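Written out below as structure tokens is the structure these notes cover.
Please treat every number below as a calculation from the coordinates, not as lab data. Please read all numbers here as calculations on a predicted model, not as lab measurements. Glycine gets a Cβ as well: all are built from the backbone with ideal geometry, and neighbour counts include every protein chain shown.
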Amino acid sequence: MGRPIRAIFFDLDDTLLDDTISSERSAALVASELVGDRVPADALAIAYMDEAMNFWERLEPGACKPPSGAIRPRLWHATLKRFAIDDEALATRLAHRYDAVRVERVELFPETLPVLHALHGRYKMAIITNGFAETHEAKIARLELSRFFDAVILAGEMQLVKPDPAVFHHAMAELGVAAHESVMVGDRFERDVKGAHAAGMRAIWVNTRNEAAPAGARLVEAEIASIAELPAVLAALEAHERSDV
Ligand SMILES: [Mg+2]
């Protein structure tokens, strides 16, 4: 028996939208607005991106993620301290302005809308994201993405974080589909691919940074460089499954 695909689950940041570029630009902008006279804005922005990346990498499955309202000022404070500026009030102003600018500046990859239009109606679709609920709800609303999706799963709302398989099981329950009918599409191997596999789903890795898969990891069902390739890859996966009958 074949295994037709009924549902596709998408990661959001750096899968459907260009989060890395917009975050870097937003950090540089707020740094130049609020600290530009004391520290080179680019250096401060790079340091902030590093603090943010470290935060996400340290976040373990099962860890209780604090709300962005508490975390962002802390990240900016740590960033300022790298430049010998110990100023909590300034860190809070940077955090608020950064959140606002990021939502204003967020952009989909050019290929995202055509792909979502092509898949809409053919599959059930949902977003599964780790990000902060406040900013993600605003991003999804600004980009008018809800019209394509049957559900948006914000892991943080459940005090969970990808790759915890519970996040993926919850998402499948929301759509009323089984793991063998489900495919996860995401850019982070450790979070998206491993989590999907642990929940019994198939995974398509959007390897935008051309990274090597971790040694010993289970092979992905497909690897693509951009989601522009997604419709063709899904068709191939389904054809492959049918030929296996
Ligand atoms: Mg991502």
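The table for this structure:
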read-out	value
Single residue of 211, 190 found to be under 23 Å from residue 17 (Cα atoms), part of a loop (DSSP other than H, G, I, E, B) and within 15 Å of the ligand (Cβ to nearest atom)	211
Only one of 217, 236 that is more than 16 Å from the ligand (Cβ to nearest atom) and under 29 Å from residue 21 (Cβ atoms)	217
Count - residues of region 1-54 that are assigned to a strand (DSSP E or B) and within 16 Å of the ligand (Cβ to nearest atom)	5
One residue from 167, 185 being within 16 Å of the ligand (Cβ to nearest atom), within 21 Å of residue 208 (Cβ to Cβ) and buried (at least 23 other Cβ atoms within 10 Å of the Cβ)	185
Qualifying residue in region 140-156 (condition: closer than 20 Å to residue 217 by Cα and touching a helix residue (DSSP H, G or I) at 6+ places or on another chain (Cβ under 7 Å))	no
